[in-house]
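A.B. asks: My questions all concern the structure below.
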Amino acid sequence: MKKRLFFLSLFILLSFNTFADVEEYFRPQIDGIRLDWCLSYGSDCGEPVAYKWCIDHGYSRPLLWKIEKDVGRQEPTSTLNSRESCFKDGCDGFYTIICYRTSD
């Protein structure tokens, strides 16, 4: 699934006639704390967070995002909407988010 998403994203990028601006956020953080996999504690996880992250950083949408499981005990995570922190093994964060926008 991840490879399919990557190749679909690459195809979309190459099919545009305009130049694209792509930014990768490796292990993204909010105020020095790892970005949690969910917008609010336990809800709206994965794609909704990646989408909001990209919009908040001036990009059109996410192209690719990957989870990093059980990071909470080693590195607390913070949710994007409510800014709740999680310090448990079950707390997941983002390994990477790749955002996209066209350049005019």
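A.B. asks: I'm checking my understanding of the structure. Among residues of region 22-36 that are loosely packed, with under 14 Cβ neighbours inside 10 Å and touching a Ser or Thr at 6+ places or on another chain (Cβ under 8 Å), which one is modelled with the lowest pLDDT?
C.D. replies: Per the criteria, the residue is Asp31.
A.B. asks: Could you list all residues from region 85-104 that are of a type outside the set (D, E, K, R), surrounded by 15 or more Cβ atoms within 10 Å (Cβ to Cβ) and assigned to a loop (DSSP other than H, G, I, E, B)?
C.D. replies: Within region 85-104, just Cys91 meets the criteria.
A.B. asks: If you go through region 49-84, how many residues are surrounded by fewer than 16 Cβ atoms within 10 Å (Cβ to Cβ), over 15 Å from Phe26 (Cα atoms) and not basic (Lys, Arg)?
C.D. replies: Qualifying residue count for the region: 9.
A.B. asks: While we're looking at this one, here's another question. Applying the selection to region 45-64, what residues are part of a loop (DSSP other than H, G, I, E, B) and out of contact with any Lys or Arg (no Cβ under 6 Å at 6 or more places or on another chain)?
C.D. replies: Gly46, His57, Gly58
A.B. asks: Moving on. Could you say which residue among Ser40, Ser60, Ser103 is over 10 Å from the mean Cα position of the chain (by Cα) and farther than 21 Å from Val22 by Cβ?
C.D. replies: Selected residue: Ser40, the only one of Ser40, Ser60, Ser103 that is over 10 Å from the mean Cα position of the chain (by Cα) and farther than 21 Å from Val22 by Cβ.
The values are calculated or read from the model by the stated rules, or taken from the named source; none is laboratory data. Note that the structure is a prediction, hence the values are computed from the model and not measured. Quick reminder, even Gly has a Cβ in these numbers, built from the backbone with ideal geometry, and neighbours come from all protein chains shown.
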